[in-house]
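Structure record follows, encoded as structure tokens.
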Amino acid sequence: MNNKVSIIGAGMTGATTAHWLAEKEVADIVLVDVVEGLAQGKALDLLEAMPIAGIDISIVGSNDYQATEGSDVVVITAGLPRKPGMSRDDLLFANAEIVKQVALNTIKYSPNAIYVVLTNPLDVMTYLTMKVTGQSPQKVIGQAGILDSARMRTFVAQELKVSVENINCYVLGGHGDDMVPLTHISNVAGIPLDEILPSDKLEKIVDRTRKGGGEIVNLLKMGSAFYAPGLSVTQMVCAILQNKHLIVPAAAYLDGEYGLKGIYFGTPVQLGRSGVEKIIEYKLTEVEKNMLKVSAAGVAENIAKLNLP
Ligand code: APR
């Protein structure tokens, strides 16, 4: 039997994730949306592309959660995207209602699924999914760090004119403008970024990375990024299904790591078939530790606003 991945929300990020994931040929895909016909139409269109790509998987769309039964992975993208001038936190209450419904509707059909959450504000929505589904924290992960790190890699590559493949960047913390791009651990072919780039250029890259999502929202004016988020989710889903033990930055439940407890937060994690196999702890500078504290306080504040039991 093939692996099965259900993607909830067939909007820009959901459909784009389905597209990238289909190309990997690692799982059958189910798309679910509340809008009548949207998931069905996009799934059929994508399915009809498969003969051209030479890919043998099933792709179905539905408004009914029964179609998700027996999923190995559930990806949550349902929710509202940002508009110009909005922060991710402005989406909190509206998206919490949506994510809660999605979590309840999916867990009853796939009690063993691993969840990858993309809906913003990301760290809080991932926490909410863990609480509502009752899954262990190991099985509920948020996508943010791969995306933020990829944005930083892009800007470094443009600055240094080096292949993106040589650039490793690590962005930790909450998925908001307080995120913490690590400039000493991030490197180009092993050489720390802060030894290669002058501090003014590095500061500009850090700032652009932090505001990377907003830069795209301001350009699009009618939604947020979807290509890079969709591929980031795809990398996580593949690492899980293929049991790759891949280390990537992602939002994971912290239980004392980095001195933080009881929140979802961006950290390097090792992903495999059981979900989060390990949380990797870097040795951080005092400045970085303080930046993480600021970021964590923002996430904790939003979690508290939801008044969860
Ligand atoms: N159940 C299922 N689908 C839902 C529900 C629900 N209760 N509520 C909304 N949706 C669907 C919408 O119908 C829409 O098709 O979620 C989809 C969201 O798609 P877009 O509006 O295109 O938004 P998108 O860009 O995909 O962003 C979704 O991901 O990256 C984050 O910040 C982003 O929180 C946002 C989320």
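Any read-out appearing in this document is the output of simple, stated calculations on the displayed coordinates, not a laboratory observation. Since we're looking at a predicted model, the values are computed, not measured. Because the Cβ atoms are built from the backbone with ideal geometry, glycine has one as well, and the counts that use them run over all protein chains shown.
In the condition set (1) buried (at least 21 other Cβ atoms within 10 Å of the Cβ); (2) closer than 24 Å to Ile216 by Cα; (3) touching a Leu at 6+ places or on another chain (Cβ under 8 Å), Ile29 is compliant with all but (2). Evaluation of Ala53 against the conditions (1) away from the ligand (no atom under 11 Å from the Cβ); (2) closer than 21 Å to Pro229 by Cβ; (3) of a type in the set (A, V, I, L, M, F, W, C); (4) surrounded by fewer than 14 Cβ atoms within 10 Å (Cβ to Cβ) shows that the sole unmet condition is (2).
Inspect segment 85-94 for any residue being surrounded by 16 or more Cβ atoms within 10 Å (Cβ to Cβ) and near the ligand (Cβ under 8 Å from one of its atoms) and give the result as yes or no. There is at least one residue in segment 85-94 that is surrounded by 16 or more Cβ atoms within 10 Å (Cβ to Cβ) and near the ligand (Cβ under 8 Å from one of its atoms). Report yes if Lys221 is touching an Asp or Glu at 6+ places or on another chain (Cβ under 9 Å), of a type in the set (D, E, K, R) and exposed (fewer than 15 other Cβ atoms within 10 Å of the Cβ), otherwise no. No. For segment 215-227, filtering for residues that are in contact (Cβ under 8 Å) with a residue 40 or more places away in the chain, more than 10 Å from the ligand (Cβ to nearest atom) and part of a helix (DSSP H, G or I) leaves 2. Of all residues assigned to segment 245-252, none qualifies as being out of contact with any Asp or Glu (no Cβ under 6 Å at 6 or more places or on another chain), surrounded by 14 or more Cβ atoms within 10 Å (Cβ to Cβ), of a type outside the set (A, V, I, L, M, F, W, C) and part of a loop (DSSP other than H, G, I, E, B). Looking only at residues of segment 103-115 that are polar (S, T, N, Q) and not in a helix (DSSP H, G or I), we find that the one that is farthest from the ligand (Cβ to nearest atom) is Asn112.
The set of residues in segment 31-87 being small (Gly, Ala, Ser) and without any contact (Cβ under 8 Å) to a residue 60 or more places away in the chain consists of Gly37, Ala39, Gly41, Ala43, Ala49, Ala53, Gly54, Ser58, Gly61, Ser62, Gly85.
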